[in-house]
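Here's the structure we're looking at; comments come further down.
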Amino acid sequence: MSERPPFTGAGSRRAAGSVKQITSFSNPLVKEIKALVAQRKHRQRSGLFVAEGLKLATDALSAGWSVDMLVLGPEARESAAARDIAATARARGATILEVSTPVLAAMTRRDNPQMVVGVYEQKIMDGAELTRALKADPAAVWVALDHVRDPGNLGTILRTADAVGAKGVILVGETTDPFAVEAVRATMGSLFHVPLARMTRAAFQEMATSWPGTLVGTHLKGSTDYRAISYARPTLLLMGNEQAGLPDDMANACTALARIPQAGEADSLNLAVATGVMLYEIRRGDLTLDA
Ligand code: SAM
């Protein structure tokens, strides 16, 4: 095959729109995708991430995300839908890699790889974009996750936030990587539709002082039943870490602290489940089957 130079970072642009056949496991692009799958630091350095599957490629392209590379296994090359997506990606400058199933399996570290694998540019709102987005819709619902650790929880929450029409998810403090393959997989494509932002606890607490609607935290020691709260818009739902829950300074920043009643012996609900329960209550009057 004709090889392009090894990847050199987010700012680098490669020969756009070419198609390459790769058969070798030691090809630099195979190594690059493996590193993007396996290493957070490589994703951070490059500003890229990997998402598996034709559905996610379709979501990414329809939502206007930049595709860096699209990898097609043998089955994808026989599929009209996959060929269409590849043509769109290529027209937007992506490099198309045609590979064998074993190479695809090695890249993604899966025995049964998806036949389409995309490499996309990460998108996360900076402070100014977040401020603009917060101001743009006074009726919005937002979710904030303090120190979320589990990529499956984060992905599931993004998917649920998408399902209820939340405006975005704010990652507070040190969190798991939203662009890790496990997190992306759990979003089922919602990563491409729900804006993400990141901020420190201090910045969150500062924002909380002037939040115009309800800032509801969830806490196992909350004294208010989550169904008894009147959720003024804009509503910001703050969820705690899987092990530690919400620390006092974060809980104190909230205008209400909600508890979801429990029967039985479970200590608490899973974070993603609790987020789903809360979001559906917050949006109870808004969502109908006709939407
Ligand atoms: N040991 C932790 C604690 O003491 O908070 C449990 C954390 S729980 C697994 C993760 C997060 O889910 C909590 O911080 C809270 O945001 C939410 N959560 C889980 N069950 C809840 C409940 N019954 N009521 C309110 N929030 C709950």
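Restricting the range 266-291 to residues that are within 13 Å of the ligand (Cβ to nearest atom) and more than 24 Å from the chain's Cα centre (by Cα), the residue that is surrounded by the fewest Cβ atoms within 10 Å (Cβ to Cβ) is D267. Of the listed requirements (1) under 22 Å from M125 (Cβ atoms); (2) touching a residue at least 60 places away in the same chain (Cβ under 8 Å), T218 misses just one: (1).
Restricting to the range 208-220, name every residue that is open to solvent by less than 50 Å² (accessible area, probe 1.4 Å) and among the hydrophobic types (A, V, I, L, M, F, W, C). Listed by number, the residues that qualify are A208, W211, L215, V216. Every condition in (1) touching a residue at least 24 places away in the same chain (Cβ under 8 Å); (2) surrounded by fewer than 21 Cβ atoms within 10 Å (Cβ to Cβ) is met by A136 except one, and the failing one is (1). The number of residues in the range 221-263 that are of a type outside the set (K, R), without any contact (Cβ under 8 Å) to a residue 60 or more places away in the chain, within 8 Å of the ligand (Cβ to nearest atom) and surrounded by 14 or more Cβ atoms within 10 Å (Cβ to Cβ) comes to 5. Scanning the range 243-291 for residues that are over 20 Å from G168 (Cα atoms) and of a type in the set (D, E, K, R) gives D248, D249, R259, E265, D267, D290. Suppose the filter is touching a residue at least 12 places away in the same chain (Cβ under 8 Å) and either over 30 Å from A81 (Cα atoms) or over 17 Å from the mean Cα position of the chain (by Cα) (or both); does A161 pass it? Answer is no for this residue.
In the range 56-69, the residues that are at positive phi reach residues that are assigned to a helix (DSSP H, G or I) with C-beta atoms within less than 9 angstrom, at least six apart or across chains, in these pairs: G64/F192.
Listed by first and then second residue, the pairs with beta-carbon distance under 7 Å, at least 6 apart or on different chains, first residue in the range 264-291 and aromatic (F, W, Y), second modelled with pLDDT of 95 or more and more than 13 Å from the ligand (Cβ to nearest atom), are Y280/V164.
The values are calculated or read from the model by the stated rules, or taken from the named source; none is laboratory data. It should be emphasised that the depicted structure is a prediction, and the values quoted were computed from it without experimental measurement. Quick reminder, even Gly has a Cβ in these numbers, built from the backbone with ideal geometry, and neighbours come from all protein chains shown. Surface areas here come from the heavy atoms of the whole protein model, side chains and all, with no ligands, DNA or RNA. Shrake-Rupley method; radii C 1.70, N 1.55, O 1.52, S 1.80 Å.
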